[in-house]
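Asker: Let me begin by handing over the structure; questions about it come next.
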Amino acid sequence: MAKAETHVPAARTVTEIAAGVRVVAMFEALKGTVVLLAGFGLLALVHRDLQDLAERLVRHSHLNPASHYPRVFVEAAAHMNDSGLRTLAALAFAYSVVRFVEAYGLWHMRAWAEWFAILSGCLYLPVELYELVKQPTHLRGLVLFFNTLIVAYLLYVRLSHTGRAAEETIHRTEADRKAEKKARKESVRAERAARKAER
């Protein structure tokens, strides 16, 4: 029985797929960075009068403090205590760690990171669709569009023959580079040992 041929995609295809996944990785790293900064911002609010801060922010934004959203914001700030802020900051830090690990895995074209990104993206899609239907805005439409695009692209990479072959090529190239680097190190060590032996 003849051995099945393995499909080797063109170098350009491999480069394009790697670039696409790395764009998603940078997006995930950006989300992690924003949430990390928000967590530090929450910690900066510990031991502060949040209600006064919220009222000043509403006034500074020229919003009517008696209208619905500014009033809800001020009331939420009034009920927030230091332990609640610390809890929210801890959750923000945990979320950012997950995003950074996912970004690392995506950057290195790891299947587990791609599946994780697909699953987490699919979890957000129904909520984003509901929010868009409930109160349509351009921002919500864009968020839904881009998250759908990311999920569809990563599904293509994971499930298509070309995507899997490109990943295998990338991983083989990385393994070859590591082997070459190890061989060079061993060669240098052998030369040093030979020089020491000559002395």
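Asker: What's the number of the condition TYR95 fails, among (1) more than 30 Å from ALA54 (Cβ to Cβ); (2) in contact (Cβ under 8 Å) with a residue 24 or more places away in the chain?
Answerer: The one condition TYR95 does not meet is (1).
Asker: Check every one of the helices (runs of 4 or more DSSP H) wholly within region 102-199 and list those with 2 or more residues that are hydrophobic (A, V, I, L, M, F, W, C), at pLDDT below 90 and surrounded by 14 or more Cβ atoms within 10 Å (Cβ to Cβ). Talk me through it step by step, then tell me what you get.
Answerer: Working: elements: 111-134, 138-159, 161-198.
Counting at least 2 such residues, we get 161-198.
Asker: Separate question: Of everything in region 22-61 that's surrounded by fewer than 18 Cβ atoms within 10 Å (Cβ to Cβ) and among the β-branched types (Val, Ile, Thr), which residue is modelled with the lowest pLDDT?
Answerer: VAL46
Asker: Give me a count of the residues in region 119-149 that are among the hydrophobic types (A, V, I, L, M, F, W, C) and closer than 14 Å to PHE27 by Cβ. Show your work before the answer.
Answerer: From region 119-149, those among the hydrophobic types (A, V, I, L, M, F, W, C) are 119, 122-123, 125, 127, 129, 132-133, 139, 142-146, 149; that's our starting set.
If we keep only those that are closer than 14 Å to PHE27 by Cβ as well, we get 142-143, 145-146, 149.
Residues that pass the stated criteria total 5.
The values are calculated or read from the model by the stated rules, or taken from the named source; none is laboratory data. Being a predicted model, the structure only gives us computed values, none of them experimental. Here the Cβ is made from the backbone with ideal geometry for all residues, glycine too, and neighbour counts use every protein chain on show.
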